[in-house]
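Just below is one structure, and these are the notes that go with it.
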Amino acid sequence: MKSFFYVLLLCVSLNLSAQEEGNAFTKTHTTRFDANYFYGSILLHNPDITHLITDHPTGFIASYNKQTYGFEGWESRYNYPDYGASFIYQDLKNVFLGENYGLYAHFNFYFLNRNLKFRIGQGIAYATKPYDKKENFRNNAYGSDLLSSTYIMLNYDKPNIYKGFGLHAGFSIIHYSNANVKAPNNSTNTFVFNAGVNYNLDYDEIPEYQADTIGKKFTEKIKYNIAFRGGINESDVVNSGQYPFYILSAYADKRINRKSAIQAGTDLFASTFLKELIKYYSIAFPEDNVTGDEDFKRVGVFVGHELFINKMSFITQLGYYVYYPYDFEGRVYNRIGLKRYFGDKVFGAITLKSHGAKAEAVEFGIGVRL
């Protein structure tokens, strides 16, 4: 038995050694770490949060990046971006806001001979001092301890100055909101200046950039999509309750090249929070002439764009309610978000629906593209 164990261990060791030797000649990615310290200001995007802006927030951003070199076709089409994960700690320098901790997935895109780096990250953050009607009623920015968070970063980037170590500096905008999952939700946007260091773990074995050999021409027939989305949200009336919503979407899309597709379709919205809001206004504000019998369902038509990045895609849509029995935030709506394809037909999606800058809901969806 021991002899068998030793033979098995030897085989595994030889196999790992062979893989490492093979990987040394076929390295397709490199690993890079970076760390930033930042200092900035909360932007006054809404006068209702004036009392929460009392000092200059500080914090740090730590990131893990996988650098690409064109061994997959999509990489060269986007000028060899990085993808990875990042962590943000932010002290908002206000006794009512406290501190936030966020975890993100991100992409880095490069411009100007790769000296200019643009990053976009999307994730979830934990707020240490959310709104509480007794203990922290002055925090009308965050109605819950879990927040949706987005950040963008624009840096001058100088990697590998000495043995894998480099420097970078620039500015970032960090956004926190729970997208009306729970009221209140006035959110914050922090503009910061950041500077830091980066280190390439594989600085002594960086592969050559590969050209795209697939070609730019691409054709595809019109595809038809059906998607179902849902979630929970609350109206702006604090403590009015969280209610589920359901959305059924049908649309067509047409790929115009390898990167992009245009879309057109329709949405059916059944938002039960709106049903409760209609009832509330019919009782509390009779001067608004709300009867309480208005239909809470809405129907919209939309056009959109989908940007394909490997198995992920970024969608933007602009819609208009054609069936709109109750006036809530206006007839025009917009949606942005991410899709992840599983094979050629099935996809999952996380999207944010809003009316201008006023968020209504974070939507979790599944769908099929036929």
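The values are calculated or read from the model by the stated rules, or taken from the named source; none is laboratory data. Everything numeric in this text was worked out from a predicted model, so none of it was measured. Cβ sites come from the backbone with ideal geometry, for glycine too, and all protein chains shown count toward neighbours.
I'd like to check something: does region 311-319 contain any residue that is surrounded by fewer than 17 Cβ atoms within 10 Å (Cβ to Cβ) and aromatic (Phe, Trp, Tyr)? Step through it out loud before you land on a result.
Step one: list which residues in region 311-319 are surrounded by fewer than 17 Cβ atoms within 10 Å (Cβ to Cβ), which gives 311-312, 314, 316, 318.
If we keep only those that are aromatic (Phe, Trp, Tyr) as well, we get 314.
Yes, region 311-319 has at least one match.
Output yes when any residue across region 74-90 is in contact with a helix residue (DSSP H, G or I) (Cβ under 8 Å, 6 or more places away or on another chain), in a loop (DSSP other than H, G, I, E, B) and assigned by TED's automatic domain parsing to the domain that holds PHE191, and no when none is.
Of the residues in region 74-90, the ones in contact with a helix residue (DSSP H, G or I) (Cβ under 8 Å, 6 or more places away or on another chain) are 81.
Going one step further and asking which of them are in a loop (DSSP other than H, G, I, E, B), we end up with 81.
Okay, now just the ones that are also assigned by TED's automatic domain parsing to the domain that holds PHE191, so 81.
Yes, that holds for at least one residue.
Residue-by-condition table, conditions (1) closer than 20 Å to GLU360 by Cβ; (2) touching an Asp or Glu at 6+ places or on another chain (Cβ under 7 Å):
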site: ALA252; (1), (2): no, no
site: PHE269; (1), (2): yes, no
site: LEU277; (1), (2): yes, no
site: GLU287; (1), (2): no, no
site: THR291; (1), (2): no, no
site: PHE296; (1), (2): yes, no
site: GLY300; (1), (2): yes, yes
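In the list ASN233, ASN239, ASN225, which residue meets the criterion of being touching a strand residue (DSSP E or B) at 6+ places or on another chain (Cβ under 9 Å) and within 24 Å of LEU146 (Cα to Cα)?
Details: ASN239 fails: touching a strand residue (DSSP E or B) at 6+ places or on another chain (Cβ under 9 Å); ASN225 fails: within 24 Å of LEU146 (Cα to Cα).
Criteria check complete, one pass: ASN233.
Those residues that are among the polar types (S, T, N, Q) and surrounded by 14 or more Cβ atoms within 10 Å (Cβ to Cβ), I need them from region 55-81; list them, please.
Step one: list which residues in region 55-81 are among the polar types (S, T, N, Q), which gives 58, 63, 65, 67-68, 76, 79.
THR58, SER63, ASN65, GLN67, THR68, SER76 - these are the residues of region 55-81 that are among the polar types (S, T, N, Q) and surrounded by 14 or more Cβ atoms within 10 Å (Cβ to Cβ).
I need the full set of residues from region 322-357 which are in a strand (DSSP E or B), farther than 19 Å from SER149 by Cβ and hydroxyl-bearing (Ser, Thr, Tyr), in order please.
Residues satisfying the conditions are TYR323, TYR333, TYR341.
Go through GLY343, GLY348, GLY330, GLY356 for me and flag whichever is outside the structural domain of ILE124 (by TED's automatic domain parsing), of a type in the set (Gly, Ala, Ser) and at negative phi. Can you show your working first?
Numbers: GLY343 fails: at negative phi; GLY330 fails: at negative phi; GLY356 fails: at negative phi.
Among GLY343, GLY348, GLY330, GLY356, only GLY348 is outside the structural domain of ILE124 (by TED's automatic domain parsing), of a type in the set (Gly, Ala, Ser) and at negative phi.
With the structure loaded, tell me whether ASP157 is among the acidic types (Asp, Glu) and in contact with a helix residue (DSSP H, G or I) (Cβ under 9 Å, 6 or more places away or on another chain) or whether it fails that test.
no
Kindly check whether there is at least one residue in region 309-319 that is within 22 Å of GLN242 (Cα to Cα) and not small (Gly, Ala, Ser).
Taking region 309-319 first, the residues within 22 Å of GLN242 (Cα to Cα) are none.
No, because not a single residue in region 309-319 is within 22 Å of GLN242 (Cα to Cα) and not small (Gly, Ala, Ser).
Looking at LEU167, LEU248, LEU274 in this structure, which one is closer than 30 Å to GLY292 by Cα, surrounded by fewer than 17 Cβ atoms within 10 Å (Cβ to Cβ) and of a type in the set (A, V, I, L, M, F, W, C)? Walk me through how you get there before you give the answer.
Numbers: LEU167 fails: closer than 30 Å to GLY292 by Cα; LEU274 fails: surrounded by fewer than 17 Cβ atoms within 10 Å (Cβ to Cβ).
That would be LEU248, the only listed residue that is closer than 30 Å to GLY292 by Cα, surrounded by fewer than 17 Cβ atoms within 10 Å (Cβ to Cβ) and of a type in the set (A, V, I, L, M, F, W, C).
Could you list, in sequence order, the residues of region 277-293 that are crowded, with 16+ Cβ neighbours inside 10 Å and touching a helix residue (DSSP H, G or I) at 6+ places or on another chain (Cβ under 6 Å)?
TYR281, VAL290
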